[in-house]
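The values are calculated or read from the model by the stated rules, or taken from the named source; none is laboratory data. Keep in mind the model is a prediction, meaning the values are calculated, not measured. Counting neighbours? That spans all protein chains shown, and the Cβs are built from the backbone with ideal geometry, glycine included. In case anyone asks, the SASA skips ligands and DNA or RNA and just uses the protein heavy atoms, side chains included. Shrake-Rupley method; radii C 1.70, N 1.55, O 1.52, S 1.80 Å.
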Amino acid sequence: MNAAVIAQNLVKTYGTKKEEVQALKGVSFEVAPGEIFGIIGPDGAGKTSLFRILTTLLLPDEGQAQVDGFDVVKDYEAIRHRVGYMPGRFSLYQDLSVEENLKFFASIFHTTIREHYELIKDIYEQIEPFKDRRAGKLSGGMKQKLALCCALIHRPTVLFLDEPTTGVDAVSRKEFWEMLRNLKQQGITILVSTPYMDEASLCDRVALIQNGEIMSIDTPEGIVRSFEHPLLAVRAANMFRLLKDLQQFPGLLDTYPFGEYHHVVLKPETTEQGLYAYLQQKGHTETKLQQVEPNVEDCFIALMKTAT
Ligand SMILES: Nc1ncnc2c1ncn2[C@@H]1O[C@H](COP(=O)(O)OP(=O)(O)OP(=O)(O)O)[C@@H](O)[C@H]1O
């Protein structure tokens, strides 16, 4: 089956020769129809530039891309009818009500709220009690649901969601991902960008992006499997001094704060006991060491360090 999205060596540069920012440095990937594909990376990684190119709002400097078989430059009109785009800071008209926003987006696409109502029904029903409220007066979670309904109003085949969960509370984030699962069931291909590494596990496949370059593309499980070294979570009474001492430990590959612990990546030949003895010798108290499974964030950090 043909890919729903193909990006080939996309390059995008902003600014003048003197102050050039290379937002995308040759990005390539393919997304299969019906996939939930995550683009995961920190602020400034190039996620928005990539989405704006794929939704025909920005021209690439180099490279090619196709969405639903259409070229993003030559066939931009066809693509605009086929994609749904939810930009980072929701594209709602703050002074229009919930219902007016929906009607407005429907009219742009020459459709009505009724025509594809089945697609948005489950989402819209959650905000319908507030249909007369101005969008500007909605909570973050409700704005997000309305923005999603607006992006779906014309039944797109490919949906682009740029950081849809940024600034949204944990419950709304969870509900949002459930909505994406339901949309996938209805055959919609979804590209979603996020700075939250924990959201990787909710995607079918992810691309980890940093400084305009894709560092890895795989299933969330595949990414985690690629982490090769022993990983420990370590804590002690003085966490600041602990980090300093860990950085001096000869058997160490890397260490970084991770929640209530510091994560420690050990050289293969280093043992947990060796590290424990070192920390005792440095006078640490209440020391706790445990082997942990790496997650996507650990992998991201490891890939970032090998890239630099
Ligand atoms: N119009 C612009 N002019 C100059 N530089 C820009 C412009 N748009 C983006 N950039 C720069 O390009 C790089 C990538 O930005 P982009 O917005 O694509 O990344 P992002 O991953 O979406 O990050 P964010 O979440 O901060 O938007 C950043 O360094 C950004 O400052």
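Remarks
- Residue-by-residue Karplus 3J(HN,Hα) for segment 63-68, coefficients 6.51, -1.76, 1.60, Hz, glycine and proline x: x, 9, 8, 10, 10, 6
- For segment 149-198 versus segment 1-74, the gap between their alpha-carbon centres in whole angstrom: 19 Å
- In segment 100-193, the portion of solvent-accessible area held by carbon and sulfur atoms comes to 50 percent [1.4 Å probe, whole percent, DNA, RNA and ligands not counted].
- Additional length obtainable on full extension of the chain from GLU260 to LYS74, 0.36 nm per residue less Cα span: 61.8 nm
- Carbon plus sulfur fraction of accessible area for segment 246-308, probe 1.4 Å, in percent: 51 percent
- Using a probe radius of 1.4 angstrom, the carbon and sulfur fraction of the accessible surface of segment 1-56 is 47%.
- Two-site FRET efficiency, GLU228 against ASN9, from Cβ-Cβ distance with R₀ of 30 Å, rounded to 0.05: 0.55
- For the Cα trace of segment 33-190, dividing Rg by the Kirkwood Rh returns an Rg/Rh value of 0.95.
- Segment 101-204: C-alpha gyration tensor shape, a/c 1.5 cut-off, then a/b vs b/c: oblate
- Largest accessible area first, the residues LYS282, LYS12 order themselves as LYS282, LYS12 under a 1.4 Å probe with ligands, DNA and RNA left out.
- The residues of the chain expose on average 50 square angstrom of accessible surface per residue, using a 1.4 Å probe on protein heavy atoms.
- Between the amide H of MET86 and those of PHE160, LEU161, ASP162, distances stay under 5 Å, these residues lying 5 or more places away or on another chain, with hydrogens modeled in the peptide plane.
- For segment 155-308, the C-alpha radius of gyration sits at 1.27 times the compact-globule guess of 2.2 N^0.38 Å, with N the residue count.
- At q = 0.10, 0.14, 0.15 Å⁻¹, base-10 log of I(q)/I(0) for the chain (Debye sum, equal scatterers on each alpha carbon): -0.65, -1.04, -1.13
- Most to least packed among 124-133, 25-34 [average Cβ atoms within 10 Å]: 25-34, 124-133
- Spacing of the two label points (7 Å from each Cα toward its C-beta) at MET239 and LYS103, in nm: 5.2 nm
- For LEU252, distant residues with modelled amide H under 5 Å away: LYS267
- When the alpha carbon gyration tensor of segment 1-71 is reduced to an equivalent ellipsoid, the three semi-axes, largest first, read 23, 13, 9 Å.
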